[in-house]
Structure formats: structure tokens, C-alpha cells
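The values are calculated or read from the model by the stated rules, or taken from the named source; none is laboratory data. Worth saying up front: this structure is predicted, and the values here are computed from it rather than measured. Here the Cβ positions follow ideal geometry from the backbone for every residue, glycine too, while neighbour counts run over all protein chains shown. Accessible surface is based on the protein model in full, side chains and every heavy atom, while ligands, DNA and RNA are left aside. Shrake-Rupley method; radii C 1.70, N 1.55, O 1.52, S 1.80 Å.
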Amino acid sequence: MAQYTRVSGSVGLITLQSPPVNALSAAMRQGIVDMMQRALSEPEVKSVVICGQNGIFCGGADIKEFGGQMSGPPLIPMIHAIEAASKPVVAAIEGIALGGGLELALGCHYRIAHSKARVGLPEVTLGLLPGAGGSQRLPRLIGVPAALDLITTGRHVTAAEALKFGLVDQITDHNTVNVAVKFAQRVADQPLDARRISTYPCLCPSDVAVLFEEVMQRVRRTARGAIAPIACVQAVRAAATLPYNQGMERERELMATLFTSGQARALQYFFFAQRAVGRWSMPSGARWDTSKPRPVHKAAVIGLGTMGRGITVALAQAGFSVVAVETQEKQLMEAKQAISGMLERGAKRRGVAPALDKINYGRNIQSVADVDLVIEAVFEDMALKKKVFQQLSAVCKPSTFLCSNTSGLDIDQLACQTRNPELVVGMHFFAPAHVMKLLEVVYGPKSSPLAVATAMQLGKKIGKVSVAVGNCRGFVGNRMLKPYLEQALFLLEEGATPEFVDQVLEEFGFAMGVFRMSDLSGLDVGWKVRMADGLAMPDPTTGQPTRLRQGRRYSPLGDLLCEQGRFGQKTGRGWYQYDKPGSQVAKPDPWLHSFLDEYRARHALVAHRIDHQEVLERCLYSMINEGFRILEDGIAAGPEDIDVIYVFGYSWPRHHGGPMFYAATVGLNKVLERLEHYYQAHPDVPSLQPCHLLRKLVASGRPPIQKWREVIKKVRSQL
Ligand SMILES: CCCCCCCCCCCCC[C@H](O)CC(=O)SCCNC(=O)CCNC(=O)[C@H](O)C(C)(C)COP(=O)(O)OP(=O)(O)OC[C@H]1O[C@@H](n2cnc3c(N)ncnc32)[C@H](O)[C@@H]1OP(=O)(O)O
């Protein structure tokens, strides 16, 4: 775990050796304690260097240990002992020094970093705070404002930024360990008193109280109910106001609360879920580790509306050559201008040159003849998409992958238009496509593992978290959204207001409630889909909008708003009113309230008092129930896929882990019982009927979420 060697005669070199990231497991901590003792006891050794194997210093505490009984030497005394050592200790930071890894480096007397290294205290993203002295040492080293920024955001900083902050003493482009060893030889006889960060006074600006108040307000506003960012501010405040030992005591108290919290469990589950989705599999048995992607050098985007523009930007920014096609001259000119603007703004933010020269624009689909992969992003209309796929199949090289950005149409129908249906997959981006992290890679019955592997790899290269899912209406994300939206409308029919429903969902942690979100994305989008599906139509016999479709309850409320031209923010009216079209400030609309009263009266609906619990349970449990159906159908391979899709694509609050993890937290028996209750009250709403897999999981004794796949496998084998 930790290897000891003597180099250059007088330097004890401790190398952390625990791939992949040299995490500080119990064995690693024991190794460091032992090797430090050895270095301090050898009279020939005058100074010590700590480095990590394979160009990685340390990824922090071993997160896998958090769920169980902690054993081995604790981190805090280990770091104190390093700081208290009588010989200078130098951290040689290559790759990363994160969390406990940086706290270890802060316990050292000097820090030398490679110019490509990144450092940070990302504990907040795991529902924790830097609990091995990081919250107390960092402000003492770099000052309160910078420490607050790093600790509350968890962001990684480059070596150059770290040097500017005074977080590292030197950066190098050469072999960091060699540089650190030479450095250690030079400082071997230097006094250490001034190098022990815990003895430093905490550097505070004069208006520190105001600063803490402002930061606390910002954090409360943006945390959406997450507790760790608030505890991080409190810990840094302790550093600024208390002597070091008392500050450490406060850090320990705050950490103890966080460490045992449900939020920390959810965020740590989510950390591993994000990585698990990369290990995709298909029902055919094809898997990530046996399916090789083909390299993509040149890609094309067909259709330069909002989605096509974002996809073009994402590809160009990642260094791909892109052919961007829009058949209408005016739209092409507008798109070109918009894309250039997006690229320039992005480049300015990142301090690089805009990738304008990566894109060739054209009006003719023939111009994509030599590309390796095409992403179709034309209007969401099956007939149009089929036509485009026929043309692409005729024009492109036989080996070209043909992908559709459809948000829910049948991939198989598109594949059937082509010569090589095995090269067709869905690549469902989320708006704005150059910003949103999520990509659903959708395989149809004919899609080959090669096509899925290639789309997954492309997603990774353009910085997306890609999740492989099966082909069904709405795939995973939009399929689960349907019952959620439906329940929200039913709640309005039964007496709720859009403001109340949104307030409950936003208090739960969604960035936006369902109605504010609909107003933002445009009510007409769903209306067009419902019209195409024959849903948004008046009853042919009475000419009136009805509340039943094919024996199921249906709410025409959204359709009625669209008929009035209320499409949301863009028209200045929707579920809310806005000062002007395009304005983002949603205000409750008395017109809407009267409209709902009239609607209820027309349909003889008696408004009843709807409380917080009913809104949450009906909206979330109906969505979760659909998630279980998706698992049962094999559309998602595991609960992690669904949770990652919901956090990255639908602003599900990460500290609740995702809908499936949330269901496990609430208790599957409770979710089942409440669904049964609501289904009894609303037997014409099939999405409230608890699905088989949910019942099966409850009957199997509610196994932990990590074991669900075994039950899913059994249920699916019985289908
Ligand atoms: C009764 C109650 C008492 C309570 C008192 C409790 C007191 C406890 C005191 C504890 C003190 C702890 C103090 C410390 O402040 C806490 C921490 O250090 S938390 C950890 C902080 N570190 C991080 O958050 C880093 C996480 N990792 C990453 O960001 C990335 O993995 C990376 C390091 C940047 C590398 O990225 P990539 O190269 O892309 O590689 P992957 O992400 O795919 O990772 C590869 C592989 O490694 C696994 N892994 C990564 N980091 C860790 C880790 N820290 N622990 C365990 N495993 C890790 C990762 O899962 C991948 O494996 P896979 O999942 O694919 O098998």
C-alpha cells in the first residue's frame, strides 16, 4: 500500500500504491503511519517526500469504506503526526490531490505540484465536508474567501491556480518526484515552525462577518435542500473565529452529522452510479468490455434548430470536424450566427480559441457523404425523420453510423429505412445540448453493440454522461415524465394551483416545479405530440374536450391552454403570466385560477384540499412506479441508469440520489402501500397501479438497491 525507499542518501520516499487512485483505505493509512515512523527513525534520513504511484498522488478517503465499520488508524491523527514531524515532509503532487489526499498534502510542510495536476476538496459533492482538518487548514493557508469557494463548490483547481492561491509552493513541468526530492534535500535543515499550517492565524478580510452572511445566503439559495454546503460554511466560519483545536472539534461535530446523514448516503451512491452506467450491457448480452467502438473523426448534424445547434457546438468544442446541414437558407444563416456566438462565448469562458473552423455548413444532405457518424436533429415528426434516414442511407458511406436525436420516437422504424439498420441508434441529447451533461444512447432491436459502443464513446468524448437504454416510447427519461406530468394536471383538476404544486416540488429540491418547467420548455411541444397521437382532440360525439381517453383518465388542461395561444414563457402566458414574451419571471395568474374554477365547474369536479404529502406522493411515486416498469421491461439495465438520467437530465436533486434510490430510502413497502391507496381512489389512472417488480421486491424482503438487479433478472426470466 505504501512503499518506502531511501533516495539520494538522505530522503525517505513514501510512495502510495493502491490503484486506481491511491485512496486512503485502512491499509493505506496503516502503511503511511508505519513508513513515516521508519523515515523519522532512520538517522540518515533528513527529509521525507510523499508521492503516489502511476502519476496519481491521492484521490482521498476510500469512499467504499464509508458504508461499513471504519477500522485502521484514523486520518486526522495520521495527518497531525506528519505535520508535527521533526523532519521536513514534502508532498509531490502528480495527477490529483483530492479530498483526504489534499488534506494529507496540507499536513505536509511543503507542496510541489506538476503543472498538469489538479487539487480540490470535493467532499461537499459526497454530502460531507473536508473532515480531516481540510476545513481548518485551507482557510489558514489561502484565506477565507478562496477556501470558502473551494470547499463549498468542491471544484478542482489547476496547479497554476493553486500556486496563485499559495496552496502549493512550486509547480514543475518536469518529473515531480525528482524535483520534490531535490527540494527536500535543500530544505532538510530549515526550521519547521513556520511550515505547520495549523499554527497559522486564519487570514480574514475585515468584513468577514458580511462575507459569511452573503456566502451562507447564496449557498442556502443554490443548495436546494442539500445540507453539506451549509455545514461547509459553518466549518470554515469555525476556522475564522476559533483557535485551531476548537475549530477541529467543530469540524468533527459537523462531519459526524453529515457522515451519518441520508444525503451523504445518496450522494455516495450517486458517485458510484455515475461510474456504473459506463459499464453498460444490452439484453443480448453485449457489454461495454467486450464491444469495441470505432473511432469517429468527422461527424454531421442534420437540422440546425435549437437541438442541432447545441449538438454542433458540443462536437466542435470537443475537436470533431462537423458538417452542419440545414436545408433552408434563412435558417442556415441564423443557425451559423447562433453557433458562432455560442462557440465564441464558450471559448472566452474557457480561455481558448473558438472552434469556428471545425464546422462546415451546407444546405445539401449530399455534403455528409464522407462522415463517420451523423446525428439527425430535425423536427420531431416520424414521417420527416424517416425521409431523412432514407436519404442518409443513400448518401453516406455504408459504414456510417446513423443516429437520431429523437426524444422518444421508435428507433426501429428509423433503422428500417436504412441499408444497415445495425448502425442506427438514438442519441437523445437534452437542451441546451452543449451544456446538459446527459445523453441517452438508445439501442433498437437491430442496433449492433458496435453502434452502441461508438455512440457511448462519442458521448464520453464530448463530455456527456451517457446511459445506454432500450427502445420504447419516450425511452427512460420522457417515459417516466409522463405519469409525473399527468399527476400534476390531475392535481389541478382536483383543486391544486400550479404555484402550490411547483412550490412542493421545488422544496423537495427540483430546480423548477413541473409547471414552471413546462412554461420554460413550451407547452406547444407536448401539444403537438398529443395531437399526433390523437389525444388532444375534442370528443367527436359532443365536440367537447373529454376527461377520458381509451377508458383512461385524461386531462385536456394543457391542450385548452394551447388553444388559447398560451405556450408558456415565449408567449408571455402559460401556467403563469410573464411581464412580456420571453421574460423568465413567473407570476401567479388570476386568469388561470378562474379558468381552473370554471373548468372544474363544467366537469362537476369538486375541489378538495390537497396537501404537500399528496402532491409529492402522487407526482413522485407514479414516476417511480414507471421506473420499476422500465426495469421490468429491460429498457434500463439497473436502477443506477434511471437515477443518473434523472439527476443529469431532469434536475432531480442529487442529494436524494435519483428516483429509484429515493424509493429505496422512503421504503419500497411504503411506496407500494401509497400507490395502492391512490390507485384505489383513481382506478382510471393505470400509472398508479403498482407494478409487478415493485411488489416482487417488497415480497423479497426489500433488498438494498445494489441487489435489485438479481430480483429484476428473476422477474424478467419469468416473463
Ligand atoms: C458515528 C459517526 C462518526 C463520524 C465521524 C466520521 C469521521 C470520518 C473521518 C473521515 C475523514 C475523511 C476526510 C476526507 O475529507 C473525506 C474524503 O476524502 S471523501 C473523498 C474525496 N475524494 C473524491 O471525492 C474524489 C472522488 N474521485 C474522483 O473524483 C475521480 O474518481 C477521480 C479521482 C478524479 C478520477 O477520475 P477518473 O480518472 O475519471 O476515474 P474514475 O472516476 O472512473 O475512478 C476510477 C475508479 O476509482 C474509484 N474511485 C475514485 N475515487 C475513489 C475514492 N476516493 N474512493 C474509492 N474509490 C474511488 C472509482 O469508483 C472508479 O472505480 P469504479 O467505480 O469504476 O470501480
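Annotations for the structure displayed:
- Filtered residues of the stretch 126-160 (kept if open to solvent by less than 10 Å² (accessible area, probe 1.4 Å), assigned to a loop (DSSP other than H, G, I, E, B) and within 15 Å of the ligand (Cβ to nearest atom)): GLY127, LEU128, LEU129, PRO130, ALA132, GLY133, GLY154
- Test for GLY99: is it within 11 Å of the ligand (Cβ to nearest atom) and under 23 Å from the mean Cα position of the chain (by Cα): yes
- Figure legend. Inter-residue proximity from the stretch 194-221: first residues under 16 Å from ASP149 (Cα atoms) and assigned to a helix (DSSP H, G or I), second residues basic (Lys, Arg) and open to solvent by 40 Å² or more (accessible area, probe 1.4 Å), beta-carbon distance below 8 Å, spacing 6+ or different chains. Indicated pairs: PHE212/ARG237.
- Residue in the stretch 700-712 that is within 24 Å of GLN487 (Cα to Cα) and among the β-branched types (Val, Ile, Thr) present: no
- Of all residues making up the stretch 174-227, the number that are open to solvent by 90 Å² or more (accessible area, probe 1.4 Å) and of a type in the set (A, V, I, L, M): 1
- Complete set of residues in the stretch 161-173 that are among the small types (Gly, Ala, Ser) and open to solvent by 10 Å² or more (accessible area, probe 1.4 Å): GLY166
- Members of the stretch 329-346 that are surrounded by fewer than 18 Cβ atoms within 10 Å (Cβ to Cβ) and in contact with a helix residue (DSSP H, G or I) (Cβ under 9 Å, 6 or more places away or on another chain): ALA338, SER340, GLU344
- If the condition is being of a type outside the set (S, T, N, Q) and more than 10 Å from the ligand (Cβ to nearest atom), then the stretch 268-283 contributes TYR269, PHE270, VAL277, TRP280, MET282, PRO283.
- Boolean, ARG294 is away from the ligand (no atom under 16 Å from the Cβ), among the charged types (D, E, K, R) and either surrounded by fewer than 19 Cβ atoms within 10 Å (Cβ to Cβ) or not assigned by TED's automatic domain parsing to the domain that holds GLU65 (or both): yes
- Residue check for ALA286: open to solvent by less than 10 Å² (accessible area, probe 1.4 Å), away from the ligand (no atom under 16 Å from the Cβ) and of a type outside the set (Phe, Trp, Tyr): no
- Count of residues meeting criterion [in a loop (DSSP other than H, G, I, E, B) and more than 18 Å from LYS64 (Cβ to Cβ)] in the stretch 1-23: 3
- Verdict on VAL236 being part of a helix (DSSP H, G or I), farther than 30 Å from GLN170 by Cα and modelled with pLDDT of 95 or more: no
- LYS64 meets each of the listed conditions (1) within 12 Å of the ligand (Cβ to nearest atom); (2) among the charged types (D, E, K, R); (3) open to solvent by 60 Å² or more (accessible area, probe 1.4 Å); (4) in contact with a strand residue (DSSP E or B) (Cβ under 8 Å, 6 or more places away or on another chain) apart from (4).
- Annotation note: of ALA276, ALA266, the sole residue that is surrounded by fewer than 21 Cβ atoms within 10 Å (Cβ to Cβ) and farther than 30 Å from LYS336 by Cα is ALA276.
- Contacts under 8 angstrom Cβ, first residue in the stretch 25-38 being farther than 11 Å from MET78 by Cα, partner of a type in the set (Asp, Glu) and assigned to a helix (DSSP H, G or I), 6 or more apart: SER25/GLU65; ALA26/GLU65
- Filtered residues of the stretch 161-193 (kept if outside any helix (DSSP H, G or I), under 24 Å from VAL45 (Cβ atoms) and of a type in the set (Asp, Glu)): ASP169, ASP189
- Any chance LYS460 is among the charged types (D, E, K, R), in contact (Cβ under 8 Å) with a residue 40 or more places away in the chain, assigned to a helix (DSSP H, G or I) and not assigned by TED's automatic domain parsing to the domain that holds PHE628: yes
- Test: LYS182 is over 28 Å from GLN217 (Cα atoms), assigned by TED's automatic domain parsing to the domain that holds GLY134, of a type in the set (Lys, Arg) and modelled with pLDDT of 95 or more: yes
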